[in-house]
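First, the structure itself, so that you have it in front of you.
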Amino acid sequence: MATGAAGGGSASMDTYREARNWLLMPAWVTLAILVLVPVAMMLIYSFLTKEFRGGVIWEFSLAAYDQFFLDRGLFGDEPARIEWTYITIFWRSIWQAATATVLSLAIGFPTAYFIATRPARMRPIWVFLVTIPYWVNLLIRTVSMKFLLRDQGTLNDFLIAMGLIDTPLVIVNTNIGVQIGLFYSYLPFMVLPIYAAVERYNFTLSEAAADLYASRTTTLTRVILPAVKPGVLAGCILVFVPSLGSFLAPDLLGGARNFMIGSLIEEQFKGNAGNWPFGAAASMILLTLVLMLLLLFARQQVKAGKTAG
Amino acid sequence: MRAQFDIKTYTGFRAIALVCLFILYAPLIVVAVYSFNASQSLTNWEGVSLRWYADVFTGPESGKFKQAARNSFIIATVAATVATAIATLAATGMVRGGRFKLRSLSFGLISLPIMVPEIVLAVATLIFFSSIGFDRGIMTILLAHIAFCIPFAYLPIAARMQGIEHSYEQAAQDLYATKRQAFTKILLPLMMPGIISGFLLAFIVSLDDFIITNFVKGAGVETLPTAIFGSVKQGIKPNIMAISTMLLGVSIVMVTISFFVSKADAIR
């Protein structure tokens with residue numbers, strides 16, 4: 001299988017130094033053709049003219065970005081004002097993703113901390129239990145959540161049977177439904193990096209804090225949290241980024257009023273809107289947001305690494 | 001010792017951890033239980049029955065689901081195999097290739113499919129195939145899957161390789177093994193747990209993908225997730241819960257194998 005290119009080099013650190021470029025070539029070529037070139041094509045498409053039944057006409061145009069940011073009235077002859085429709089959809093997506101992130105942090109941090117303070121042989125089992133749901137089909141998990149949260153779903157049946165409520169709680173087709181769906185989709189992503197950080201945390205620091213009469217809460221917020229901050233940030237990024245561009249949770253658990261970026265983009269290609277340049281432009285704006293966020297995060301991690309070292 | 005234990009523990013964290021597990025599993029368990037419901041209705045429980053499983057295999061929608069399942073498994077097998085081969089080569093180059101200038105750039109490229117939001121990758125791939133006039137169908141799904149499976153296969157393989165000391169290959173060569181023998185007889189078997197685990201994860205990721213598949217599939221070509229999505233759009237039906245439960249089983253079995261394979265290392 002992998003033997004063809006191997007063989008050269010010394011048996012030291014860099015056994016395959018000479019073969020290195022050949023070993024990496026298939027990955028470079030595949031990913032360049034199937035990821036880098038497509039993203040470049042998408043950028044080009046966002047500056048082309050739309051064809052009505054989907055597709056593009058090869059003529060330079062700023063119409064997609066114009067439509068996204070500017071409102072020129074119904075007939076396009078009024079002075080340009082800011083178009084709020086799409087900015088609102090982006091803003092709502094950011095808000096939904098942020099809420100899901102905060103929810104995941106509230107449940108994920110204590111869970112990760114608890115797992116990291118288990119005896120060493122119990123930890124892999126806990127990690128395994130938290131990881132399994134991530135590997136279960138996201139579509140199936142979202143459908144399951146919908147089944148649970150429906151008006152006649154298991155949750156409402158249970159609450160009514162317990163006598164806690166008389167009429168079913170309406171969760172599906174609301175913002176809260178989407179938030180719960182996003183939270184549920186990406187919760188394991190919050191737990192794992194925080195767990196990794198807490199496991200490396202030196203608990204003698206907590207002892208030192210206690211010796212200096214710090215309360216438990218102060219120890220948590222002033223000693224433990226700063227020490228595990230990179231893990232917490234990584235968890236937040238890993239929940240926030242996929243939530244932002246998510247399609248399934250808003251589509252299945254939200255209604256028309258809970259439209260998010262993912263649905264807006266999907267509609268340009270699969271739905272009736274059929275405006276490829278506009279869909280490409282919206283994707284570029286989303287990609288830019290995400291890359292900026294990842295860049296900020298990377299700088300933060302480098303800083304954290306420096307202060308820790 | 002006792003004091004240290006107290007310092008570590010926060011009251012309530014155990015409860016929250018248990019709540020976390022409950023949240024993660026409750027929806028899956030509820031669906032699995034209701035897939036065995038004898039009733040036509042979703043909510044009334046009328047006893048245990050396998051009728052919805054029978055419905056999946058012989059019911060009116062069985063033809064569609066069988067075709068979708070066949071497509072899904074063919075695509076997942078081929079995509080995971082190709083991605084694992086590419087990732088194994090790449091991991092060997094990255095971990096055993098010494099220091100080199102393009103290292104972090106290469107790592108960035110390999111992890112790109114995980115970092116870019118899935119919907120963006122879906123749009124880009126659709127536009128790419130459309131612009132070069134590549135007809136949408138099984139082939140476009142397969143190519144797209146190979147690309148996003150690479151990082152999932154790469155990570156466990158590279159992690160495994162980093163844990164293998166160079167001294168094993170060195171010892172083999174001291175005992176007059178050729179470099180090729182050192183690779184095939186020593187390094188590759190040691191890497192096997194990582195390779196198997198990478199393959200299984202890539203397989204699941206491919207089997208599960210909805211968003212990218214939905215964009216690049218041609219009309220009439222369905223995989224299990226797109227067929228399920230189409231069906232769910234008209235309302236959740238009991239046969240969907242039976243399919244979901246079976247897919248759930250496949251994922252759990254594969255992840256469990258992957259977990260035990262990667263744990264089963266005699267050499268540390």
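The values are calculated or read from the model by the stated rules, or taken from the named source; none is laboratory data. Here the structure is a predicted model, which is why all the values come from computation and not from measurement. In this analysis, Cβ positions are derived from the backbone assuming ideal geometry, glycine residues included, and neighbour counts consider all displayed protein chains. For the accessible areas, the whole protein counts, side chains as well, though only heavy atoms, and no ligand, DNA or RNA atoms are used. Shrake-Rupley method; radii C 1.70, N 1.55, O 1.52, S 1.80 Å.
Multiply the residue separation of A:T88 and A:L62 by 0.36 nm, subtract the distance between their alpha-carbon atoms, and state the gained length in nm to one decimal.
Numbers: separation 26, 0.36 × 26 = 9.36 nm, distance 2.07 nm.
Between A:T88 and A:L62, full extension yields an extra 7.3 nm.
If you don't mind, another one. All other residues with a Cβ under 13 Å from the Cβ of A:I57 taken together, and with Lys, Arg as +1 and Asp, Glu as -1, what is their net charge?
Working: positive: A:K50, A:R53; negative: A:E51, A:E59.
Result for the local shell: 0.
Under the rule of at least 5 residues apart or a separate chain, name every residue whose amide H is placed under 5 Å from the amide H of A:V56.
Placed amide hydrogens put A:E51 under 5 Å from A:V56.
Tell me the label-point distance for the pair B:Y176, A:F52, using the 7 Å Cα-to-Cβ offset, in nm and rounded to one decimal.
Calculated label separation equals 8.1 nm.
Once whole DSSP H runs in chain B are found, which of them have Cα atoms spread over 24 Å or more along the helix axis and a mean Kyte-Doolittle score of at least -1.0? Can you show the working numbers first?
Numbers: long enough: B:13-34 (31 Å, 2.37); B:62-96 (49 Å, 0.73); B:138-162 (35 Å, 1.54); B:188-208 (29 Å, 1.85); B:238-263 (37 Å, 1.60).
Taking the DSSP H segments of chain B (at least 24 Å long, mean hydropathy at least -1.0), we get B:13-34, B:62-96, B:138-162, B:188-208, B:238-263.
Ok, one more. Along Cα→Cβ, 7 Å out, is where each label goes; now give me the distance between the ones at A:L225 and A:N21 in nm to one decimal.
According to this spin-label approximation, the distance is 5.1 nm.
With the contact rule set at Cα under 8 Å and sequence spacing of 6 or more, what percent relative contact order holds for segment B:1-72? Walk me through the intermediate numbers first.
Working: 32 pairs, mean separation 10.6, N = 72.
Once divided by the residue count of segment B:1-72, the mean separation gives 15 percent.
Could you compute the net charge surrounding A:I125? Neighbours are other residues with a C-beta less than 13 Å from the C-beta of A:I125; K and R count +1, D and E count -1.
Values: positive: A:R118, A:R121, A:R123, B:K263; negative: none.
Result for the local shell: +4.
Just to verify a number: FRET efficiency for B:T256 and A:I44, C-beta to C-beta distance, R0 = 60 Å, to 0.05? Spell out each step's value before the answer.
Working: r = 45 Å, r/R0 = 0.75.
For B:T256 and A:I44, the calculated efficiency is 0.85.
Also: If you roll a 1.4 angstrom probe over the protein chains with everything in place, what fraction of the accessible area of the protein assembly as shown belongs to carbon and sulfur, to the nearest %?
Numbers: 17410 of 26240 Å².
Accessible surface attributable to carbon and sulfur in the protein assembly as shown totals 66 percent.
5 Å is the cut-off here: which amide hydrogens, built 1.01 Å from N in the peptide plane, fall below it relative to A:L70, excluding neighbours closer than 5 in sequence?
A:E83
Further, regarding this structure: Using 1/(1 + (r/R0)^6) with R0 = 30 angstrom and r between the beta carbons of A:A208 and B:A159, what's the FRET efficiency to the nearest 0.05? Walk me through the intermediate numbers first.
Working: r = 33 Å, r/R0 = 1.11.
With R0 = 30 Å, the Cβ-Cβ based efficiency is 0.35.
Suppose we compare each residue of segment B:54-87 in its chain alone and in the full protein complex with a 1.4 Å probe; which ones drop by at least 40 Å² of accessible area?
By number: B:I86.
Can you list the HN-Hα couplings for segment A:89-99, worked out from phi with the Karplus curve (6.51, -1.76, 1.60; θ = phi - 60°), rounded to whole Hz and with x for Gly and Pro?
The phi angles translate into 4, 5, 4, 4, 4, 4, 5, 4, 5, 5, 4 Hz.
For segment A:84-268, report the accessible area per residue in Å² (1.4 Å probe, heavy atoms, rounded to an integer).
Details: 7600 Å² over 185 residues.
Per residue, segment A:84-268 has 41 Å² of solvent-accessible surface.
Once amide H atoms are built 1.01 Å from N in the peptide plane, which residues 5 or more positions from A:L48, or in another chain, come under 5 Å H to H?
A:S61
Let me ask something additional. P(r) tail for segment A:84-268, what percent of Cα pairs lie past 20 Å? Present the calculation step by step, with values, prior to reporting the outcome.
Details: 10372 of 17020 pairs.
In whole percent, the long-distance tail amounts to 61.
I've got another one for you. Using θ = phi - 60° and the Karplus form 6.51 cos²θ - 1.76 cosθ + 1.60, what ³J(HN,Hα) does each residue of segment A:217-234 get, whole Hz, x for Gly and Pro?
Residue by residue, segment A:217-234 yields 5, 4, 4, 5, 7, 9, 10, 5, 4, x, 5, 9, 3, x, x, 5, 4, 4 Hz.
If you don't mind, another one. Limiting things to C-alpha atoms, what are the Rg and the maximum Cα-Cα separation (Dmax) for the protein assembly as shown, in angstroms?
25.3, 83
Can you give the accessible area buried between chains A and B, summed over both chains, with a 1.4 Å probe, in Å² to the nearest 100? Provide the component values of the computation, followed by the final result.
Values: alone 19160 and 16130 Å², together 26240 Å².
Chains A and B together bury approximately 9100 Å².
With a bin width of 5 angstrom, please list the P(r) values of segment B:58-186 as percents of all Cα-Cα pairs, from the 0 bin to the one holding the largest distance.
In order of increasing distance, the bins hold 2, 9, 14, 15, 16, 13, 10, 8, 6, 4, 2, 1, 0, 0 percent.
May I ask you to derive the FRET efficiency for B:K66 and A:L36 from their Cβ-Cβ distance with R0 = 56 Å, giving the value to the nearest 0.05? Please list the in-between numbers first.
Numbers: r = 37 Å, r/R0 = 0.66.
It comes out at approximately 0.90.
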